[in-house]
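Structure in structure tokens, see below.
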There are 6 protein chains.
Amino acid sequence: MIHITRRERFSSAHRLFVPEWSMEDNDDFFGACNNPNWHGHNYELFVTIKGEVNQQTGVLINLKDLSKILNEKVISKVDHKNLNTEVSFLKDCVTSAEMIAIRIWNEIEEPIRDLGAELYKVKLIETENNYVEYYG
Amino acid sequence: MIHITRRERFSSAHRLFVPEWSMEDNDDFFGACNNPNWHGHNYELFVTIKGEVNQQTGVLINLKDLSKILNEKVISKVDHKNLNTEVSFLKDCVTSAEMIAIRIWNEIEEPIRDLGAELYKVKLIETENNYVEYYG
Amino acid sequence: MIHITRRERFSSAHRLFVPEWSMEDNDDFFGACNNPNWHGHNYELFVTIKGEVNQQTGVLINLKDLSKILNEKVISKVDHKNLNTEVSFLKDCVTSAEMIAIRIWNEIEEPIRDLGAELYKVKLIETENNYVEYYG
Amino acid sequence: MIHITRRERFSSAHRLFVPEWSMEDNDDFFGACNNPNWHGHNYELFVTIKGEVNQQTGVLINLKDLSKILNEKVISKVDHKNLNTEVSFLKDCVTSAEMIAIRIWNEIEEPIRDLGAELYKVKLIETENNYVEYYG
Amino acid sequence: MIHITRRERFSSAHRLFVPEWSMEDNDDFFGACNNPNWHGHNYELFVTIKGEVNQQTGVLINLKDLSKILNEKVISKVDHKNLNTEVSFLKDCVTSAEMIAIRIWNEIEEPIRDLGAELYKVKLIETENNYVEYYG
Amino acid sequence: MIHITRRERFSSAHRLFVPEWSMEDNDDFFGACNNPNWHGHNYELFVTIKGEVNQQTGVLINLKDLSKILNEKVISKVDHKNLNTEVSFLKDCVTSAEMIAIRIWNEIEEPIRDLGAELYKVKLIETENNYVEYYG
């Protein structure tokens, strides 16, 4: 059993707020992240898959296939986008690092299984001081 | 003569476009950076000042004073903000890394001179693959 | 279940030695780290907590609260300090990365539980070539 | 129980290909990595061991001993070498990151056990976008 | 006047030796870098150009055009290649970081001038401990 | 003309204070850096030299010779030491990053000239947010 991780990056705008709350309550809870004019980040996405190494090829899967899935299912939809208004798989949720990681997991779990591997972890770095990890 | 550099960081939303141009022309030139719904970055700002070392204190200036200027004049105005619509010193310009660096220079050159040092360089990293440097 | 990690940093002096051992034995075992005049490091502390994401706010806890705990319980006590002589929670132990990580765990486990999350890991980077991880 | 990680680095040439396959099939599967004239990488190796902290010394083991094992068993054999033709423990396998990590595990597991610790993980970074982890 | 830097990466095999020297003399001077079976690196290339910012677009040049030149003239020729035997612009020279940087300068100076900018610096990082800079 | 940079690292304890000042004045000016019980850092030292590339060897100088000078003249004297009390070339000065960089320059300028190169810059990183550069 081996674990392989591929990094991809995207740069997006977002805002953290609960629509049912008042502006004051959102400011209290989310601080500057509640700015209605948006702010943004360079996100780093680390996707870890696991499985058995093919004894002939010496690899778990062809990394090009994993990168293709990540670009089709995630990066092309979030890079240089507004995470709150333009990303279908982030509809109806706060665009926190937690929720982005969970929703990315949901988008890629099945395509990765079709490759013959198992999704193990989605890690999302929002700033150099904060990151989240989701194991499904 | 010594050069000292202080790093500060900010996370902002922006959009690159020329208002006089059509949407198509802006797309051709700026690509995904022209998204009218914004995108964003974690910016890293490196400000380099130069001057003579004080022979008694062993330092050029007190770095706390430099950090205070950078926070008052720059970081508090751009962090978790929309660079196109909320930052007075970026009014009426494309919010490219080039223009942000030049305008930051203009904001801090005089306060740094008042500290007894000379502003030497403003370096702004937009992504791990791109940065600009401005020497005035 | 989600894991969230917050990074904090501190710069401290320390010395590695067993008080019951001779200077020679300490030199043999700890090498230059046994310098009685101290040496020091820029430490990086990564604290990982886990728990369920709040479905309304989209976050596990408010990271400001975690950061406040880390600063009150750890950073304010170790940053720009001598780890051997000035830190009450490091009394009576070798100030190895292992022991610092374990003692930091003991300081923050309960306050983090009071926040509604569970402490999962304390990771402490001493140099770019060495780090320790403690899971309780 | 504590986990300790030591980083070592090596710079090597290699080529990915299955000897039983045609050049065309290898090109299809491995792309540019199948270049018969070789290419190379700066590899970063992170070896994590685990065990109980010695209550007197405050450490799991003396890191100098771990570093010595890693240099004798791995780094001296792979650094500035051709991984396909010059490394005995990589004989008869594709020199993928997966296989290198697995074979390194086999080389160091026993010597680390002799130190009084248990090998927990071999992590091998091939490029900033790809790494593998092996847990035995 | 503004300076803009673009980073590109390539992974290559090479060997350092003077063909007119004996194996012993090359070993004495180049050490393990003289391995006739090759070794390799992940190179990081930082290309800095300078010029006036266009007052309408806010940028010096379109970075896509710079990236295209770097890929056509450099990266496509060196990435996953043997620098000693497969790269026409490195013919007849030692493939030291110094010579690679100088020869890259020669390949891209004119195309960058045709873009309306001036090549200012080629920086080449060979390992985290060594890099060269060439200013023409 | 080429510029070559070599990185070395050291971990040391120090304290910033002016002996002629009162404790209060030192606290006001240097803050926590005036802790009489010391604190410490992981310093990164980047030494840049310049000169003509030897047309036969393709290199400016043999980097092993530069590394040897840096280790003999600097690293062996400061690593795992107290910069205020144990380093002869830092006698009688505040151990600020500025003064350390200047004094390192004085220690290595002549030995580097003897190698046939010219010292161009000493860069000293004290934390990820602060560094100094000295050009002689």
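The values are calculated or read from the model by the stated rules, or taken from the named source; none is laboratory data. What you see is a predicted model, and the numbers here were worked out from it, not measured in a lab. As a convention, Cβ positions derive from the backbone with ideal geometry for all residues, glycine included, and neighbour counts pool all protein chains shown. Side chains included, ligands, DNA and RNA excluded: accessible areas come from the protein's heavy atoms. Shrake-Rupley method; radii C 1.70, N 1.55, O 1.52, S 1.80 Å.
Could you tell me which numbered condition F:Ile108 fails, if it satisfies all but one of (1) in contact (Cβ under 8 Å) with a residue 60 or more places away in the chain; (2) assigned to a helix (DSSP H, G or I); (3) open to solvent by 50 Å² or more (accessible area, probe 1.4 Å)?
Only one criterion in (1) in contact (Cβ under 8 Å) with a residue 60 or more places away in the chain; (2) assigned to a helix (DSSP H, G or I); (3) open to solvent by 50 Å² or more (accessible area, probe 1.4 Å) is unmet by F:Ile108, namely (3).
Working only within region B:61-74, note down all residues that are surrounded by fewer than 17 Cβ atoms within 10 Å (Cβ to Cβ), farther than 18 Å from F:Asn26 by Cβ and either among the polar types (S, T, N, Q) or at the interface with chain F (Cβ under 10 Å from one of its Cβ atoms) (or both).
Within region B:61-74, B:Asn71 is the sole residue that qualifies.
Among the numbered criteria (1) away from chain C (no Cβ under 14 Å); (2) part of a loop (DSSP other than H, G, I, E, B), which single criterion is violated by F:Ile102?
(2)
Step by step: first the residues of region B:89-101, then only those that are buried (at least 17 other Cβ atoms within 10 Å of the Cβ) and under 13 Å from the mean Cα position of the chain (by Cα), then the one that is farthest from B:Leu16 (Cα to Cα). Which residue is that?
Here the residue is B:Ala101.
Which one is surrounded by the most Cβ atoms within 10 Å (Cβ to Cβ) among residues in region A:75-88 that are assigned to a helix (DSSP H, G or I) and out of contact with any strand residue (DSSP E or B) (no Cβ under 6 Å at 6 or more places or on another chain)?
Restricting to residues being assigned to a helix (DSSP H, G or I) and out of contact with any strand residue (DSSP E or B) (no Cβ under 6 Å at 6 or more places or on another chain), the top hit is A:Lys77.
Moving on. List pairs: first in region F:124-136 and farther than 24 Å from F:Glu110 by Cβ and more than 7 Å from every other protein chain (Cβ to nearest Cβ), second at pLDDT 95 or above and buried (at least 20 other Cβ atoms within 10 Å of the Cβ), Cβ under 7 Å, 6+ apart or cross-chain?
Taking only residues 6 or more apart or on different chains, the pairs are F:Ile125/F:Tyr43; F:Ile125/F:Tyr131; F:Glu126/F:His41; F:Glu126/F:Tyr43; F:Glu126/F:Ala97.
So for region A:82-96 (the condition being at positive phi and within 11 Å of chain C (Cβ to nearest Cβ)), does at least one residue qualify?
Yes.
Moving on to the next point. For region B:1-60: of the residues being surrounded by fewer than 17 Cβ atoms within 10 Å (Cβ to Cβ), at the interface with chain A (Cβ under 9 Å from one of its Cβ atoms) and in contact with a Ser or Thr (Cβ under 8 Å, 6 or more places away or on another chain), which is farthest from B:Lys91 (Cα to Cα)?
Among those residues, the one meeting the criterion is B:Arg9.
Here's something else I'd like to know. So, in region C:89-136, how many residues would count as being among the charged types (D, E, K, R) and farther than 16 Å from C:Leu70 by Cβ?
Residues meeting the conditions: 6.
Could you check how many residues of region A:14-46 are in contact (Cβ under 8 Å) with a residue 24 or more places away in the chain and not in a loop (DSSP other than H, G, I, E, B)?
Residues in region A:14-46 being in contact (Cβ under 8 Å) with a residue 24 or more places away in the chain and not in a loop (DSSP other than H, G, I, E, B): 9 in total.
May I ask you to verify whether A:Leu124 is more than 30 Å from C:Glu44 (Cβ to Cβ), open to solvent by less than 10 Å² (accessible area, probe 1.4 Å) and at pLDDT 95 or above?
no
If you check every pair at least six apart or on different chains, which have Cβ atoms under 8 Å apart with a residue in region D:66-78 that is within 17 Å of D:Ser88 (Cβ to Cβ) first and a residue that is in a helix (DSSP H, G or I) and of a type in the set (Phe, Trp, Tyr) second?
D:Lys77/D:Phe89
On to the next question. Can you go through C:Ala117, C:Ala97 and tell me which one is more than 21 Å from C:Ser11 (Cβ to Cβ) and of a type in the set (A, V, I, L, M, F, W, C)?
C:Ala117
Still on this structure, I have one more. Please work out which one of (1) without any contact (Cβ under 8 Å) to a residue 24 or more places away in the chain; (2) open to solvent by less than 30 Å² (accessible area, probe 1.4 Å); (3) more than 19 Å from C:Lys50 (Cα to Cα) is the condition A:Ala117 fails and give its number.
(1)
Can you tell me how many residues within region D:11-50 are in contact with a His (Cβ under 9 Å, 6 or more places away or on another chain) and under 30 Å from D:Leu115 (Cβ atoms)?
Going through region D:11-50 one residue at a time, the tally reaches 8.
While we're looking at this one, here's another question. Given the options D:Ile61, D:Ile104, D:Ile49, D:Ile69, name the one that is on the phi < 0 side of the Ramachandran plot and within 11 Å of the chain's Cα centre (by Cα).
None of the other options fit; the residue is D:Ile104.
Take C:Ile49 and tell me if it is of a type in the set (A, V, I, L, M) and part of a helix (DSSP H, G or I).
So C:Ile49 does not fit the description; no.
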